[in-house]
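One structure below.
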Amino acid sequence: MDTRQWRDTIAAAQDGDRRALDELVEGWLPLVYNIVGRALNGHADVDDVVQETMLRAVDNLGSLRDPDSFRSWLVAIAMRQIRDRARRRTPAPLDESATGGAADFAELTILRLQLEGQRREVAEAVRWLDDEDRQLLSLWWLEVAGELTRRELAAAVGISRQHAAVRVQRMKERLETSRGIVRALDGACPDLRELTARWNGRPDSVWRKRLARHIRGCGYCGDTRESVVPPERLLVGIALVPIPVGFTLSLALGGKTAAAATATVASVSWTAKVMSALTQPVVAATAGATIVAGGAYVVTQTPDAPPPRVAASPTAASTHRAPPVVDTPSVSPSPSPPPSATPKKTLLYGSVVDAVDRAPDPDTPPAALPHRPETGVTSTGGAHAVMNHRGDSVTLTGKGYVLVRWQISPQYRAGGLVMPSWTGLRGELFHVASGGGRRMDDPVSATDSSATGMGNSTVGYTVLPAGTQQMWQNEYFYLDGGVTLTVNERGADYGLSVFPSSWDAAEKDITTGPDQGVKRYGLVRDTGRDDTPVPQYVTRSTPADAATVAQASRVSAP
């Protein structure tokens, strides 16, 4: 955004032109939203800080002497509000639990901009930065994307350009370390899995240093097989994250109505002029937004979603049972029934459940994974929910892929395992692939031949219910709708990590083979049709006790 192109609009808004003010707010709100959202990583306070920033900008617009400096002036206001917010709160690290179930900004960036590969990796790495680095990155990201200059970045932070260069370089070094962590956590290093068994799933500086130390000394995690592109090249040209639908910005001072605000500050010529303009009984429709009388700014539409990709046809059979074919009887006994009453074959969604299957040969590559349409899945547990106790649950909503990672802990308590269950299903849920480099009954120790992911001869083994399919380290599901996943841990200790994921991540996981340091290739279960298996413990109902969901669940068609 070039301030010079806005000179006339800014000048008109300063003169009290309501439409110019509407246009100014609508045009610059996305920049402020991205700065604040990335600096606070989507924390629940984002809306409040954006609100306060825009309110102060509107309230003080009359004091701006040079319209060409509007962008740097607005960014400086945003950074002051971010720092003021940090001073008002206790200095505790932000975590997903503070978002009230909302997606963090890294997740929004990935989903709304459809980022993939190393661009996605950079967005996820932001979670591992400290607050101060994240604030700086919120500006530097916009600098390399062409939305800010280095002079404006330095002015917003309140330091010289030389000091800004040093700060940015240090932040980039920590960002690269965080990228390595994201890459390693997506891998299948058995030592890293053991290390993270004690991790609560929330990125922080302590675990960043601990994981970075492991990566530096690990041949598996430190072996980057694809060239790492500098973040500057990845971020160039990335658009601003669109403002969410329903985002409301009230321009009334202090949350009061515009009329009350006007009466209170009538002696201030500029504010009175602005409030008078806002209270005119007119609704001004703008691109993607509406500003109504009283100063409410409501986003009414978002950019068109990218067209869904057509699911690929599978090239090999998966290991699940074929679905039963149901004959629908003819409505009429006539020997020549009308076309609508002709007997037809119907595949019943949910009639197929996973069965006990044998592990494929470790050196057998998986079938092609069909690419189902994905617009993204949100989780009430955030981007990385860790569930360790009976009754822990997350609700998943959207259209896309979900990774459920198993962490069985027989060293603490072995015994009968009560499987997790999927309840309150709306829409469709399929079990599409298994990965993570191993099944949980694969050997895990070079010195103890009895040790598997389910236990060993000394501590005992975690035992599955009869007829239950053996889980893999990573299990991938495809959701189109909504469902709640609940841990029913009771007889044995186990934890589940739940990640909204993507086809790219699943495909990369399952195609990693033994020659790349894992036990076995993954397994594709998706046929690309409704006869793909559904999870064994799934229901559309919401029972009082999720552990009572029947194993061979039959879910009716959606």
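The values are calculated or read from the model by the stated rules, or taken from the named source; none is laboratory data. Computed from a predicted model, the values in this text were never measured in an experiment. Positions of Cβ are backbone-derived with ideal geometry, glycine not excepted, and every protein chain shown enters the neighbour counts. Heads up: the accessible areas ignore ligands, DNA and RNA and are worked out on the full protein's heavy atoms, side chains in. Shrake-Rupley method; radii C 1.70, N 1.55, O 1.52, S 1.80 Å.
Structure above, values below:
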{"quantity": "Ratio Rg/Rh, restricted to segment 130-174 and using Cα atoms, in which Rh is the Kirkwood radius", "calculated": "0.92"}
{"quantity": "Cα shape, segment 450-558, gyration tensor, a/c 1.5 rule", "calculated": "oblate"}
{"quantity": "Residue order for Thr548, Thr458, Thr539, Thr53 - accessible surface, 1.4 angstrom probe, largest first", "calculated": "Thr458, Thr548, Thr539, Thr53"}
{"quantity": "Probe 1.4 Å, accessible area per residue of segment 422-558, Å²", "calculated": "35"}
{"quantity": "Extension gain (nm, one decimal) between Asp15 and Arg426, 0.36 nm per residue minus Cα-Cα", "calculated": "142.7 nm"}
{"quantity": "Heavy-atom accessible surface of segment 115-203: percent carbon and sulfur, 1.4 Å", "calculated": "42"}
{"quantity": "Per-peptide average of other Cβ atoms within 10 Å, ordering 529-537, 348-356 highest first", "calculated": "529-537, 348-356"}
{"quantity": "Accessible carbon and sulfur surface of segment 399-558 relative to its total accessible area, %, 1.4 Å", "calculated": "50"}
{"quantity": "Distance between modelled label sites at Asp130 and Thr458, nm, 7 Å Cα→Cβ extension", "calculated": "4.0"}
{"quantity": "Solvent-accessible surface (1.4 angstrom probe) belonging to Lys209, in square angstrom, nearest 10", "calculated": "120"}
{"quantity": "Potential extension, Ile159-Asp448 segment - 0.36 nm per residue separation minus Cα distance", "calculated": "98.3 nm"}
{"quantity": "Two-site label geometry, Thr364 and Arg390: point separation in nm, points 7 Å out along Cα→Cβ", "calculated": "3.8"}
{"quantity": "Ellipsoid equivalent to segment 383-476 - semi-axes via the Cα gyration tensor, in Å", "calculated": "27, 15, 12"}
{"quantity": "FRET efficiency for Arg413 and Gln551, using Cβ-Cβ distance with R0 set to 22 Å, rounded to 0.05", "calculated": "0.50"}
{"quantity": "Estimated inter-spin distance, Arg170 and Ala355, nm [label 7 Å along Cα→Cβ]", "calculated": "6.2"}
{"quantity": "Protection-proxy order for peptides 492-500, 191-199, 117-125, each taking the mean of Cβ atoms within 10 Å per residue, highest first", "calculated": "492-500, 117-125, 191-199"}
{"quantity": "Extension reserve of the Ser63-Leu348 stretch, reckoned as 0.36 nm per residue once the Cα distance is removed", "calculated": "95.9 nm"}
{"quantity": "Surface accessible to a 1.4 Å probe, Ile408 within the full protein complex, Å²", "calculated": "10"}
{"quantity": "Qualifying aspartates and glutamates (Cα of each under 14 Å from Cα of Lys209; at least 8 residues distant if same chain)", "calculated": "Asp130, Glu173, Glu176"}
{"quantity": "Mean shadow area of segment 158-206, taken as a quarter of the surface of its Cα convex hull (nm²)", "calculated": "4.5"}
